[in-house]
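What follows is one structure encoded as structure tokens, with my remarks underneath.
The values are calculated or read from the model by the stated rules, or taken from the named source; none is laboratory data. Note that the coordinates shown come from a computational prediction; the quantities given were computed from them, not determined experimentally. Reconstructed Cβ throughout: ideal geometry from the backbone, glycine too, with neighbour counts over all protein chains shown. Ligands, DNA and RNA are excluded from the accessible area calculation, which covers all protein heavy atoms including side chains. Shrake-Rupley method; radii C 1.70, N 1.55, O 1.52, S 1.80 Å.
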Amino acid sequence: MKKLLLLSFALLLSGNFYAQETAAEKKATKAKTEKMAVAKEKAATTKKKAETAKDKTTKDKAAITKEKAETTKEINKDKTVIDKEIATASKKTTKEKAETAKKTNKDKTALDKEIATASKKTTKEKAETTKDNKVVAKTTGKEKATNAKSVKKIKETTEKAPKIADKITGEYNGKKVYTGPRGGKYYINKNGNKTYIEE
């Protein structure tokens with residue numbers, strides 16, 4: 001009898017034990033099924049979104065291809081118009097070229113005549129200038145000696161030009177001559193530096 005009691009007691013305890021496990025398992029399976037249902041819904045919505053996006057892109061692609069076709073038609077029309085204009089313009093330019101060639105030939109002959117007369121004049125002038133050069137050569141020898149004494153000495157410095165300009169007192173070799181605060185005369189060279197003139 002003891003064994004019977006122990007066996008029944010073990011069955012009772014084991015029944016309660018297994019009953020608790022099934023409830024926990026039920027909760028886990030419910031959670032799994034709920035998760036699966038949510039995942040299926042998400043998958044279905046993403047599929048719908050993808051399908052609508054595909055539809056939009058196909059519609060957009062169709063619209064773009066239509067626009068491309070229209071623009072190519074317009075471009076082809078414009079090209080034909082431009083080609084016609086170019087053809088008419090080239091016809092006009094060939095006529096103009098022929099006319100300008102005739103004019104240039106006339107101008108060339110006129111220039112050749114002028115050059116011939118000018119060359120005759122220059123030979124006469126050259127003969128006269130050689131006579132004049134001989135006379136000038138005699139006088140320039142005397143002038144060179146006097147000019148050598150009057151040539152000014154030049155001393156170049158690296159000093160930059162002043163921000164406030166000094167007084168302008170004359171010109172030397174086509175450049176303005178300035179007088180500094182202490183009486184020195186200089187001009188500004190191409191580098192922007194002062195070049196003093198010694199007299």
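GLY192 satisfies every condition listed in (1) modelled with pLDDT of 70 or more; (2) open to solvent by 100 Å² or more (accessible area, probe 1.4 Å); (3) of a type outside the set (D, E, K, R) except (2). The sole residue among THR139, THR129, THR94, THR123 that is open to solvent by 80 Å² or more (accessible area, probe 1.4 Å), at pLDDT below 70, among the β-branched types (Val, Ile, Thr) and out of contact with any His (no Cβ under 6 Å at 6 or more places or on another chain) is THR123.
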